[in-house]
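Values in this text are rule-based calculations from the coordinates and carry no lab data. This one's a predicted model, so the numbers in the text were calculated from it and none came from an experiment. Counting neighbours? That spans all protein chains shown, and the Cβs are built from the backbone with ideal geometry, glycine included.
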Amino acid sequence: MIRSLSQLSISTVLQKGCIAIVRHQRLVLSLLLTTIFILGTSTIITVALRAHPIKTQAPSTYADYGRQAIINMLNDFSTNGKWKACMSGCGASNQDWGADSLTYTLYLRWKINHHDSSIVSDLATLSQTAPSYGSPCQGPHGCGQWSDVPVWDSIALGREYEATGLQDSTILSKEEAAFTTVDGAGSSVYAFGACPGIHYQQPGGGRNQLKTLETDSNYIKAALLLYRYTQNVSYLNKARAEYAAVRQYFLDPHLALYSVYVFDNGTICSQKTGRFFASVNGNMIYNGLTLAGDTGDKSYLNDAIATGQAVAHHLSDANGVFADLQAENDIVEPLIEGMYDLAVEQHQAFATSWLLAAASASASSLKSNGAYSRFFDGPPQVGTSSAWQSNGGYALAIAAAGIDPTGTPATTTDWNNARSYPSAINTASLPASIPFTGTGIALIGTLGEICCEAGHARVYIDGTETTDTTGIWQNKSSPGIRIPNTVLFAWRWPRSGRHTIQIQPGIFNAKEGGSFIDITSYLVTP
């Protein structure tokens, strides 16, 4: 009996031991399979993220904003090696200032973020889809090429050439051909009239006889890039000569700012004062800084600093935040680029303050889909965002990340408590006033309402006209569509107070047309 019990106990112990071993083996196998599953899933997710970057959680530091800006810009505007003109309802291209502004923004990220290798392939693809220019026009008859388009494109190609390693001769050849489209044109195409040193925008002068600094500031910048890449001194000489002509005809008589329009009727050249595009003033800052470095002439540097200071002092709202009044006919990236160079390379404190004030304010203008509004100190825009409206915000986020990566915006909710009021201000009701008490105001309407250019109005703030006298150019729509629920104008103050916005009729000119306004509502922040 005792023996049987002993044998039973031994048998029981052996059985339990076997069961324990089996359970242990099953546990090990289960853990092994779980580990394999997790690793496999992680690999799949990692590959997916690399193939299609996704939007992450809301950014908190300027470094986060800069990183997210590139992700959002590529997700929302990039398609098959081209740029969409707007987030919805527009076509795509890789030519002219709207598309090129997004290419410039990619380059800015590459430049600031330690030659960011993650976007080089995007720039390489864009260089392949960029237009190839043929022989320049030798006469205006049958020539449909506007002069500003190829020089915008030449700069984009130059940036692509640099970021991809300065080795691809095909990109360099396309860059030179784009520049030569203007530089090599016949004498009756662009460079003639009463002031032949600056270029007509349209071949033969067109119906409006307009000469634009969009062409000439980009001509200088494109020539300076080609001088950098080829060391051909003729490009430097062309840049210096054009710079002198620009100073003569486009520089404002009272401010160190450049107005974008000169009308040349063949007898006299007349500057349209007060049209201070962000792009051309940014280009002239860059051109001054670069010419100073290339020639050793410090007067160019002084010019650049003076223009930067004038931008900061005269083109900002009461909060010191840049106010982009140029509707859909301008891009802001070149100004961000120029001010960044003043801040970082020239150690100009005013430029650093300007960039960070705008970056802080723009966090409140960021839409839930990641697109920035045109007004850095304005509210998120309900209507679709275009390349012209959003490029400045993307570039600003990248610049702030380079200057103060761990910094954060003062707030992201400046407009959360804004109150909306209906409005019936239209052309027939002008002049019209909006009195209010608050810290900010934004006027809402349809951009490109009578599409797509002529029709503008002047804006007075507490009795004083805005320094950039463009005011509200409502009918201008570069993508060629009507955009309802657009922020047409925004302005903010440090403290709540009593203010009046007055809208006056626009004064006719051959570019902006006559008077037009249609404000459907406005927002006021307490």
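Some points to look at:
- Expressed to the nearest 5 percent, the antiparallel share of DSSP beta bridges inside the chain is 95 percent.
- Normalised size of the chain, defined as Cα radius of gyration per 2.2 N^0.38 Å with N residues, equals 1.20.
- Thr295/Ser429 FRET efficiency (R0 45 Å; Cβ-Cβ; nearest 0.05): 0.25
- Members of Lys82/Lys221; Lys84/Lys221; Lys174/Lys367; Lys82/Lys272 lying beyond 28 Å, as alpha-carbon distances in this model show: Lys174/Lys367; Lys82/Lys272
- Only helices enter this figure: runs of n ≥ 4 DSSP H residues, each worth -39500 (n - 2.57), summed and divided by the residues of the chain, yield -15500 deg cm²/dmol at 222 nm to the nearest 500.
- Whole-Å semi-axes of the ellipsoid equivalent to the range 419-525 (Cα gyration tensor, √5λ, descending): 23, 15, 12
- Cα centroid of the range 146-204 to Cα centroid of the range 258-292, whole Å: 17 Å
- Cα-based shape type of the range 393-453, given that a ≥ b ≥ c are square roots of the gyration tensor eigenvalues and the cut on a/c is 1.5: oblate
- Normalising the average separation of contacting C-alpha pairs (under 8 angstrom, six or more residues apart) by the number of residues puts the relative contact order of the chain at 14 percent.
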